[in-house]
Amino acid sequence: PRVCVVGSGPAGFYTAQHILKHHGGALVDIYEKLPIPFGLVRFGVAPDHPEVKNVINTFTQTARSERCAYHGNVTVGRDVTVPELQQAYHAVVLSYGAEDNRVLGIPGENLPGVYSARAFVGWYNGLPENRDLKPDLSSETALILGHGNVALDIARILLSPLQLLRKTDITDSSLAALACSKVKRVWLVGRRGPLQVAFTIKELREMINLPGARAVLDPADFTGLENAVKDAPRPRKRLTELMIRTALEKPVEVQAGAAAPRAWGLKFQRSPQEVLPSADGRRARGIRMALTRLEGSGDSAKAIPTGDVEELECGLVLSSIGYRSLPLDPAVPFDSQRGVIPNSSGRVEGVPGLYCSGWVKRGPTGVIITTMNDSFDTAQSVLEDLQGGVLDISPSREGFGVVESILRSRGVRPVSFSDWEKIDAAEVARGKAAGKPREKIVDPAEMLQIIGH
């Protein structure tokens, strides 16, 4: 059987890995829009978390298998359609993730100085489409809307001492911009309370221990919570206890004459109403927030505006309220409310032979391990359908042979995995010269030039 996987992030690679491992004859082709593979492992994981990127080694082994092929620089839905792929393969798995962000839907969110977390993370991680972002870091106060791990990542990158970042694979241009940054204070704001934060204890602890930055948590926000979390699941209990301990710690005395330390803090039960423009209307100068009260408890608690509002001065606003998947091809059903492809265990509803895995299957939540389990689940559905005869493999399918001629006729030149390895070697060599693990190339044209395309 010939199987095609669209998207080369964790969902795509884990799906391919599972099929190859459990079916000795399957051939898997992976298609990717960019010349370079690995999706959010490369473009989402923070530069100072290199250990999380170790999964790239596993993905590389998968890509080097003689039954697997990687075809980068191919945009499915534009260069080749999903129906064309279905003609060429016995099964097609869509694992292309979430390439958009949720919008706030409030006045002023398009003012200069307001950025989506997705674009900001893409900028410091070298995602080609965000390479020209040039975020304005000239304000002392930044405000991040959201209480997830991505919000903490951004706060940490904004406040990290430069010598820590210099040793990472953060891009050269963002390092230069951060070196001139005036940001000293970062507020992380959420609509709900301390019991609903979505970040994990590891990330919170890392932020609390960040050198040169102090945590500002208001003890009043945590009144009575020790009792409320007594019966909560252990991770939630430990996370809340860490916030309470941090809130109650006495601030360290700052020596006279020492530079004002950087600071960060959590604000709860505030919902953004409007980004306020500067006097000339040219940029963001602050944000107006509705104070909320919670109805219900635990993860299902809802934030209801109380009628009171509060304004906070800040020249940099980052919206970290989630990613969003987009429809890929008119031939594929898509639930635009939920931003997912309607499916059951990865089988796309109403389209036999078409599957999905990862964020486009279940929504943009969870860490790499969540995506791994989810992708194995989809791969299992493909394997069951092959074994049970649901997928008819008697007609031979040409796979990439057919697709290659379609692409050639449309002037598209795919990039192979060995091409990527040349780009990889160039990045590592540039990094070595700068004392970094790699210096990412951010311009696709330059990537193609390196491999002589």
What number, rounded to the nearest 500 deg cm²/dmol, is the helix-based mean residue ellipticity at 222 nm of the chain, given -39500 (n - 2.57) per DSSP H run of at least four residues and division by all its residues? -9500 deg cm²/dmol
To test your reading of the geometry: what angle, between 0 and 90 degrees and rounded to tens, separates the Cα axis of helix 10-22 from the longest principal axis of the chain? 40 degrees
Using +1 on the beta carbon of Lys and Arg, -1 on that of Asp and Glu, and nothing else charged, what's the dipole of the chain about the Cα centre, debye to 20? 900 debye
The ³J(HN,Hα) series, computed from each phi in segment 97-102 with the Karplus coefficients 6.51, -1.76 and 1.60 at θ = phi - 60°, rounded to the nearest Hz and given as x for glycine or proline, is x, 10, 9, 9, 10, 6
Can you compute 3J(HN,Hα) from phi for each residue in segment 437-443, using the Karplus curve 6.51 cos²θ - 1.76 cosθ + 1.60 with θ = phi - 60°, rounded to whole Hz and x for Gly and Pro? x, 6, 10, 5, 8, 9, 9
Given the options Leu386, Val340, Pro272, identify the residue whose Cα lies farthest towards the positive end of the charge dipole of segment 271-390 (+1 on Cβ of Lys, Arg; -1 on Cβ of Asp, Glu). Pro272
On C-alpha positions alone, give me the angle between the axis of helix 234-248 and the longest principal axis of the chain, in degrees, nearest 10. 30 degrees
Please calculate the 1.4 Å probe accessible area of Phe222, with all protein chains present, and give it to the nearest 10 Å². 10 Å²
Counting C-alpha atoms alone, how compact is the chain: give Rg to one decimal and Dmax as a whole number, in angstrom. 23.6, 80
List the residues, sorted by chain then number, that are 5 or more residues from Lys267 or on another chain and whose placed amide H is less than 5 Å from its amide H. Leu188, Val189, Gly190
If R₀ is 22 angstrom, what is the calculated FRET efficiency for the pair Lys134 and Ala434, using the beta carbon separation as r and rounding to 0.05? 0.55
For labels at Arg205 and Ser416 in the simple 7 Å Cα→Cβ model, what's the distance in nm? 4.6 nm
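What's the ranking of 188-196, 360-368 by average number of surrounding C-beta atoms within 10 Å, highest first? The partial results should precede the final answer.
Numbers: 188-196: 22.0, 360-368: 18.6.
Result, highest mean Cβ count within 10 Å first: 188-196, 360-368.
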For helix 149-159, what angle does its Cα long axis make with the longest principal axis of the chain, in degrees from 0 to 90 and rounded to 10? 60 degrees
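If packing is taken as the average number of other Cβ atoms within 10 Å across a peptide's residues, how do 137-147, 160-170 rank, most packed first? Provide the component values of the computation, followed by the final result.
On the way: 137-147: 21.7, 160-170: 16.2.
Sorting 137-147, 160-170 by mean packing, highest first, produces 137-147, 160-170.
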Proximal lysines to Lys184, defined as alpha-carbon separation beneath 17 angstrom and excluding residues fewer than eight positions away on the same chain: Lys267
Amide H partners (placed H, <5 Å) of Arg283, local residues excluded: Ser278
Along segment 49-56, Karplus-curve 3J(HN,Hα) (6.51, -1.76, 1.60; θ = phi - 60°) to the nearest Hz, with x for Gly and Pro, reads 10, x, 5, 5, 7, 4, 4, 4
If unit charges are put on Cβ atoms (+1 for Lys and Arg, -1 for Asp and Glu) and the dipole of segment 55-110 is taken about its Cα centre, the option from Ile106, Gly77, Leu94 lying farthest towards the positive end turns out to be Leu94
Here, Arg338 and Lys230, labelled 7 Å along Cα→Cβ, have an inter-label distance in nm of 3.8 nm
Could you check the spin-label model distance between Ile106 and Leu242? Points 7 Å from the Cα along Cα→Cβ, value in nm. 2.7 nm
To the nearest 20 debye, segment 102-323 has a Cα-centred charge dipole, built from +1 on Lys and Arg Cβ and -1 on Asp and Glu Cβ, of 380 debye
Most to least packed among 51-61, 72-82 [average Cβ atoms within 10 Å]: 72-82, 51-61
For Gln163 and Gln449 in the same chain, what is the full-extension length gain: residue separation times 0.36 nm, less their Cα-Cα distance, in nm? 99.8 nm
If R0 = 41 Å, then Ala176 and Asp377, at their Cβ-Cβ distance, give a FRET efficiency to the nearest 0.05 of 0.45
Residues with amide H under 5 Å from that of Val340, placed H, sequence gap 5 or more: Asp335
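The values are calculated or read from the model by the stated rules, or taken from the named source; none is laboratory data. Remember, it's a predicted structure, so these values are computed and weren't measured experimentally. Virtual Cβ from ideal backbone geometry, glycine too; neighbours counted across all protein chains shown. SASA here: full protein model, heavy atoms, side chains in, ligands and nucleic acids out. Shrake-Rupley method; radii C 1.70, N 1.55, O 1.52, S 1.80 Å.
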